[in-house]
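Asker: Below are the structure tokens for one structure; questions will follow.
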Amino acid sequence: MATKTKEGAAAHSDAETAAQDATAVEETARTGSGDEHPEQEADRDLEAGPGEDLDEDGEPEADGEPEAKVPSGVGQGAGAVVSAALGLVSLSGGWIGTVAGARQQLVGQLQTSSTATVAKQIKAVYGDAWHSTALWAGVFALAALLTGVVVLVRPAFGTPGRPQTPWIKSVAWAGVSLGVIGLVLAVLKYSDALLALPSAG
């Protein structure tokens with residue numbers, strides 16, 4: 001009789017132990033699938049900072065604003081090439097300078113009488129045409145110089161920290177150099193310091 005009582009007590013104790021284990025498993029599963037502990041949530045809030053939301057992985061959500069568009073530099077490259085081309089035109093005279101010189105020569109022939117002195121005829125027919133060609137060469141040289149300078153200083157007003165492409169800078173400097181040379185030559189030709197008209201006397 002005592003043996004049956006002991007066996008019943010042992011079975012009851014085993015049932016209580018199994019019930020406690022089942023309760024502990026349920027609490028563990030509920031804790032793992034539910035919300036995190038308040039201490040962990042507080043740490044994540046501190047990492048996120050004030051005014052920032054967290055995503056599913058606990059990282060601060062990125063703002064929906066798109067990144068600033070970085071300029072490609074195509075305009076600067078085109079400006080550098082134009083500057084160099086204008087510099088070459090200022091040295092060669094160009095089609096406009098040739099036409100302007102020929103027109104001025106024709107005007108001098110029409111406005112100068114056959115009885116005028118030789119010096120006056122030379123000045124009206126050839127001198128004014130030479131000055132007109134030099135004037136247009138100076139205009140092209142000045143345009144090349146200004147265009148090259150604008151290309152070189154453009155990065156200072158663009159995206160900070162973005163260096164200018166080396167080839168753009170090189171071509172722009174070439175345009176500036178050609179513009180300076182062409183402008184100096186145009187001034188010398190217009191002032192008759194270079195290739196002055198021959199003396200009639």
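Asker: Test Gly97 against the stated conditions and say whether it is within 21 Å of Ser191 (Cα to Cα), under 27 Å from the mean Cα position of the chain (by Cα) and open to solvent by less than 30 Å² (accessible area, probe 1.4 Å).
Answerer: On the way: within 21 Å of Ser191 (Cα to Cα): yes; under 27 Å from the mean Cα position of the chain (by Cα): no; open to solvent by less than 30 Å² (accessible area, probe 1.4 Å): yes.
Against the criterion (within 21 Å of Ser191 (Cα to Cα), under 27 Å from the mean Cα position of the chain (by Cα) and open to solvent by less than 30 Å² (accessible area, probe 1.4 Å)), Gly97 does not qualify.
Asker: Quick one: which residue in Gly175, Gly138 is open to solvent by less than 90 Å² (accessible area, probe 1.4 Å), under 15 Å from Val82 (Cβ atoms), modelled with pLDDT of 85 or more and not β-branched (Val, Ile, Thr)?
Answerer: Numbers: Gly138 fails: under 15 Å from Val82 (Cβ atoms).
Going through Gly175, Gly138 in turn, the sole match is Gly175.
Asker: State which residue pairs qualify: first residue at pLDDT below 95 and surrounded by 15 or more Cβ atoms within 10 Å (Cβ to Cβ) and inside the range 71-88, second residue of a type in the set (Val, Ile, Thr) and not in a helix (DSSP H, G or I) in any location, beta carbons under 9 Å apart, and separation of 6 or more residues or different chains.
Answerer: Matching pairs, first to second residue: Gly73/Thr165; Gln76/Thr165; Gly77/Thr165.
Asker: Additional query: Any residue that is under 30 Å from Gly73 (Cα atoms), within 19 Å of the chain's Cα centre (by Cα) and touching a residue at least 40 places away in the same chain (Cβ under 8 Å) - is there at least one of those in the range 140-147?
Answerer: First, the residues of the range 140-147 that are under 30 Å from Gly73 (Cα atoms): 140-147.
From the residues that got through so far, the ones that are within 19 Å of the chain's Cα centre (by Cα) too are 146-147.
From what's left, touching a residue at least 40 places away in the same chain (Cβ under 8 Å): 147.
So far as the range 140-147 goes, yes, one or more of its residues are under 30 Å from Gly73 (Cα atoms), within 19 Å of the chain's Cα centre (by Cα) and touching a residue at least 40 places away in the same chain (Cβ under 8 Å).
Asker: Looking at the range 149-172, which of the residues that are under 15 Å from the mean Cα position of the chain (by Cα) and of a type in the set (Gly, Ala, Ser) is least open to solvent (accessible area, probe 1.4 Å)?
Answerer: Ala172
The values are calculated or read from the model by the stated rules, or taken from the named source; none is laboratory data. Here the structure is a predicted model, which means the values were calculated and not measured. Don't worry about glycine lacking a Cβ; one is built from the backbone with ideal geometry, like all the others, and counts go over all protein chains shown. In case anyone asks, the SASA skips ligands and DNA or RNA and just uses the protein heavy atoms, side chains included. Shrake-Rupley method; radii C 1.70, N 1.55, O 1.52, S 1.80 Å.
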